[in-house]
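Quick one: structure below, then a few questions.
The values are calculated or read from the model by the stated rules, or taken from the named source; none is laboratory data. Note that this is a predicted model, so its numbers are computed, not measured. Cβ placement follows ideal geometry from the backbone for every residue including glycine, while neighbour counts extend to all protein chains displayed. What goes into the accessible areas is simple: the full protein's heavy atoms, side chains included, and nothing from ligands, DNA or RNA. Shrake-Rupley method; radii C 1.70, N 1.55, O 1.52, S 1.80 Å.
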Amino acid sequence: MEVTVLFSLFVGGLVIGLPVAITLGVASLAYLTLAGIPAVVMPQKMYAGMDVFVLLSIPGFILAGNLMNLGGITQRIIRFANALVGWIKGGLGLTNIAASMLFGGITGTAVADAASIGGVMIPGMKKAGYPAAFSAAVTAASSTVGPIIPPSVPMIIVGALSGISVGKMFLAGAIPGILMGLAMMVTTYIIARRRNFPHQPWQGFGEVGRAFAGAIWALAMTFLIIYGLLSGLATPTETAVIASVYAMIVGCFIYRELPLRQVPKVVIDSAVSSAGILVLVGFANVFGWILVSEQIPQAIADGVLSFTDNKILVILIINLLLLFVGMFMETIAALIILFVPLLSLAEAVGVEPLHFATFAVLNLMIGLTTPPVGVCLFVCAGIARLPLAPVVVAILPFLLTNICVLLAVSYVPALATWLPSVMMP
């Protein structure tokens, strides 16, 4: 009975539109009450879920992204990307994707990418003659590359849950992230050719050089993050702090577009955003503890394995489940609740933990652009001032493209495991 109430309240909360964190908390508290478990267990398990050192890197990367937005770094990344690919057919769409790959490789969050890149690119694309729905769709789709290319907040969560090296997780996402970006560029080019989208004239190598010089401090930030992790000189948490300090110095004293008086407000806003994520982590940890205590993960694994132990089919089932869950649930909550039980299932058929973690995160990133709870869809539709329906239609080719990349990563483990094995043996 308690488990029935748990899931009924959880699903009911999602259906009526309650925030996922509140839904998890209410369902968990109801279960504890009905099961006669002392309520003090709830704050204990919440604290245990949040008391993980690597999670401290999340506020750092969020702060770094916010400082970048106000410090002029985002605009310089867009200018550099535009100088490189803006002259190709559908150039602003390609610029959008390239900028997301560069920007996401610094902040590690898809929503920050969608809001910051979208705030500049969607109005610019509409003004240049691109359909508003396509402009919003390509921005939403490309924003999902950010949490795949390192650094990545979801991968930090996975590392905290499973004990997998966060450094290896970051490296595992590099090749899949680049593949996603390139595949979406090909899709954009094909659509642009068929629909005769505009493009700008080639601006010459001089503009490429000037744009690169303007963006060099922003691009160096990516090198700083990756080098710090690979060299062992800094943990992910220390790297996030370094990235934040670096972004503030560049924005305040090099680009001089971030007034010092605004820094406290940026810090407070970042703290509020981080607190929301950590509260979600806490409530999801309580929910996950309940599932484990009821042996639901084991039941899921046993149920699937009783149906089939074929590795190809099990991977397909996991992908379908995660894609479905990603349509309704926030990424971090889904990871905390489902990652451990599905990891057990994957390992039972011979899937490496690092490989599984990579395609699991990739699955849930795609969920950020699928209705009804695709956060990036809502952000980009809002910027474009459109209802959700036309943006959903416009994003379908990109969803298909990303699912093809997902299947490649799922069935070719080397795409995820080769780089970590070479760089961090």
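Being of a type outside the set (Gly, Ala, Ser) and under 30 Å from Ile225 (Cα atoms): is that true of Val54 here?
yes
So which helices (runs of 4 or more DSSP H) stay within segment 203-314 end to end and still have 2 or more residues that are under 24 Å from Phe170 (Cα atoms)?
204-231, 236-249, 263-293
So how many residues does segment 163-194 have that are hydroxyl-bearing (Ser, Thr, Tyr) and open to solvent by 40 Å² or more (accessible area, probe 1.4 Å)?
Looking only at that region, the number is 2.
Residues checked against (1) over 30 Å from Met121 (Cα atoms); (2) among the polar types (S, T, N, Q); (3) in contact with a Pro (Cβ under 8 Å, 6 or more places away or on another chain):
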{"residue": "Phe10", "(1), (2), (3)": "yes, no, no"}
{"residue": "Val26", "(1), (2), (3)": "yes, no, no"}
{"residue": "Ala30", "(1), (2), (3)": "yes, no, no"}
{"residue": "Ser57", "(1), (2), (3)": "no, yes, yes"}
{"residue": "Ile73", "(1), (2), (3)": "no, no, no"}
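Sticking with this structure for a sec: Pick out the one residue from Ala247, Ala213, Ala243 that is crowded, with 19+ Cβ neighbours inside 10 Å and over 30 Å from Met329 (Cα atoms).
Ala247
Condition check: more than 21 Å from Ala301 (Cα to Cα) and among the aliphatic types (A, V, I, L, M). Does Val405 satisfy that?
When the stated conditions are applied, Val405 passes them.
Out of everything in segment 303-350 that is of a type in the set (S, T, N, Q) and modelled with pLDDT of 85 or more, what residue ends up being surrounded by the fewest Cβ atoms within 10 Å (Cβ to Cβ)?
Only one residue fits best here, namely Asn310.
Something else: Which of the residues that make up segment 357-390 are open to solvent by less than 10 Å² (accessible area, probe 1.4 Å), β-branched (Val, Ile, Thr) and assigned to a loop (DSSP other than H, G, I, E, B)?
Thr369 - this is the single residue of segment 357-390 that is open to solvent by less than 10 Å² (accessible area, probe 1.4 Å), β-branched (Val, Ile, Thr) and assigned to a loop (DSSP other than H, G, I, E, B).
List pairs: first residue in segment 265-282 and more than 10 Å from Ile62 (Cα to Cα) and surrounded by 13 or more Cβ atoms within 10 Å (Cβ to Cβ), second residue modelled with pLDDT of 80 or more and not hydrophobic (A, V, I, L, M, F, W, C) anywhere in the structure, Cβ distance under 8 angstrom, at least six positions apart or on different chains.
Gly282/Lys45; Gly282/Tyr47
Answer yes if at least one residue in segment 292-302 is touching a residue at least 60 places away in the same chain (Cβ under 8 Å), open to solvent by 20 Å² or more (accessible area, probe 1.4 Å) and farther than 28 Å from Ser344 by Cα, and no otherwise.
Checking segment 292-302: not a single residue is touching a residue at least 60 places away in the same chain (Cβ under 8 Å), open to solvent by 20 Å² or more (accessible area, probe 1.4 Å) and farther than 28 Å from Ser344 by Cα.
May I ask you to say which residue of Ala137, Ala133, Ala183 is modelled with pLDDT of 90 or more, outside any loop (DSSP other than H, G, I, E, B) and in contact with a Pro (Cβ under 8 Å, 6 or more places away or on another chain)?
Step by step, each of Ala137, Ala133, Ala183 is checked, and only Ala133 is modelled with pLDDT of 90 or more, outside any loop (DSSP other than H, G, I, E, B) and in contact with a Pro (Cβ under 8 Å, 6 or more places away or on another chain).
Please enumerate the residues belonging to segment 12-52 that are open to solvent by 30 Å² or more (accessible area, probe 1.4 Å), in a helix (DSSP H, G or I), among the β-branched types (Val, Ile, Thr) and within 20 Å of Ile277 (Cβ to Cβ).
Listed by number, the residues that qualify are Ile22, Val26.
Looking only at residues in segment 75-95 that are touching a residue at least 60 places away in the same chain (Cβ under 8 Å) and under 30 Å from Pro264 (Cα atoms), which one is least open to solvent (accessible area, probe 1.4 Å)?
The qualifying residue least open to solvent (accessible area, probe 1.4 Å) is Ile77.
If a residue has to be open to solvent by less than 70 Å² (accessible area, probe 1.4 Å) and out of contact with any Pro (no Cβ under 6 Å at 6 or more places or on another chain) to count, how many in segment 391-406 make the cut?
11
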